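Enquirer: Would you mind keeping the following structure in view while I ask a few things?
Just so it is clear, none of the values below were taken in a lab; they were calculated from the coordinates. Everything quoted here is computed from the prediction, not taken from an experiment. Note that we place each Cβ from the backbone using ideal geometry, even for glycine, and neighbour counts take in every protein chain shown.
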Amino acid sequence: KAGVTQTPRYLIKTRGQQVTLSCSPISGHRSVSWYQQTPGQGLQFLFEYFSETQRNKGNFPGRFSGRQFSNSRSEMNVSTLELGDSALYLCASREGTGGNEKLFFGSGTQLSVL
Amino acid sequence: AQSVTQLGSHVSVSEGALVLLRCNYSSSVPPYLFWYVQYPNQGLQLLLKYTSAATLVKGINGFEAEFKKSETSFHLTKPSAHMSDAAEYFCAVSPINTPLVFGKGTRLSVIA
């Protein structure tokens with residue numbers, strides 16, 4: 001099985017722009033979660049989607065949004081980019097939403113905001 | 001709210017020495033606990049998980065962790081460090097029906 005695929009791998013944007021990141025989960029996985037990773041804050045949860053519905057949302061401003069399609073692929077969008085949005089954005093998938101299910105992570109999208 | 005504290009943002013050991021990475025959690029009910037590893041320029045991958053079946057959990061690459069409820073700890077150990085173990089390690093707790101909460105990570109360096 002192919003792993004979790006995130007595109008693009010690297011992005012450079014300027015303040016005020018918007019960006020869309022894509023995630024294709026492992027085949028058969030219906031849950032997709034997004035995390036922001038920064039050196040100072042570690043991994044912070046953004047949101048989780050299951051069968052096209054947002055199940056959980058982290059403590060991020062409304063500029064961060066996401067969606068999931070019927071094929072389980074997910075996108076996240078950040079509007080009006082700020083310098084502090086520079087981070088590694090990780091996507092993870094799992095079959096269901098049970099607490100004991102492990103997450104499979106993609107390699108991430110490294111976003112730099114100038 | 002559930003939380004995870006990893007003691008030491010950076011741990012350095014000699015090749016062949018014991019690896020001990022510390023993790024304490026706060027939880028009002030027995031949680032699911034995980035250790036993930038992140039190699040440079042990669043995502044995270046699961047090392048091991050605790051789901052209440054046994055307090056001593058064995059994972060991949062020779063790592064293991066012991067769940068101690070009285071100490072609310074889930075420390076990760078490996079008897080003998082290899083150069084290939086150099087990476088960042090994350091402890092995580094999974095409350096019921098809510099997302100994984102990660103610690104801030106511990107970077108492990110292995111010195112030849």
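Enquirer: Give the long-range amide H neighbours of B:SER109: residues separated by 5 or more places, or on another chain, with amide H under 5 Å away, using H modelled in the peptide plane at 1.01 Å from N.
Expert: B:VAL11, B:SER12, B:VAL13
Enquirer: In addition: How large is the dipole of chain A about the Cα centre if only Lys and Arg carry +1 and Asp and Glu carry -1, each at its Cβ, rounded to the nearest 20 debye?
Expert: So the magnitude is around 100 debye.
Enquirer: A further question follows. What Kirkwood Rh does segment A:8-114 have if only Cα atoms enter the pairwise 1/r average? Answer in Å. It would help to have the intermediate numbers written out before the result.
Expert: On the way: mean 1/r = 0.0722 Å⁻¹.
It works out to 13.9 Å.
Enquirer: Around A:ARG55, which amide H atoms from residues at least 5 apart in sequence, or from another chain, sit under 5 Å from its own amide H, with H modelled in the peptide plane?
Expert: A:GLU48, A:TYR49, A:PHE50
Enquirer: Cross-link partners among aspartates and glutamates for A:LYS13, C-alpha distance below 19 Å, same-chain residues fewer than 8 apart left out?
Expert: A:GLU75, A:GLU82, A:ASP85
Enquirer: Moving to a separate point now. Over all distinct alpha-carbon pairs, what is the Kirkwood Rh of chain B in angstrom?
Expert: Details: mean 1/r = 0.0714 Å⁻¹.
About 14.0 Å for chain B.
Enquirer: Something else about it: Using modelled amide H (1.01 Å from N, peptide plane; none on Pro or chain starts), what sits under 5 Å from the amide H of A:GLY66, excluding residues fewer than 5 places away?
Expert: Close amide H contacts, sequence-distant or interchain: A:ASN77.
Enquirer: Given the alpha-carbon gyration tensor of segment A:1-64, what are the semi-axes of its equivalent ellipsoid in whole angstrom, ordered largest first, with each equal to the square root of 5 times an eigenvalue?
Expert: On the way: eigenvalues 91, 53, 31 Å².
Rounded to whole Å, the semi-axes are 21, 16, 13.
Enquirer: Output the pairs from B:LYS58/B:LYS104; A:LYS102/B:LYS69; B:LYS68/B:LYS104; B:LYS58/B:LYS78 with a Cα-Cα distance over 18 Å in this structure; if there are none, say none. Display every interim value, and only then the final one.
Expert: On the way: B:LYS58/B:LYS104 23 Å; A:LYS102/B:LYS69 21 Å; B:LYS68/B:LYS104 21 Å; B:LYS58/B:LYS78 10 Å.
Flagged as over cut-off: B:LYS58/B:LYS104; A:LYS102/B:LYS69; B:LYS68/B:LYS104.
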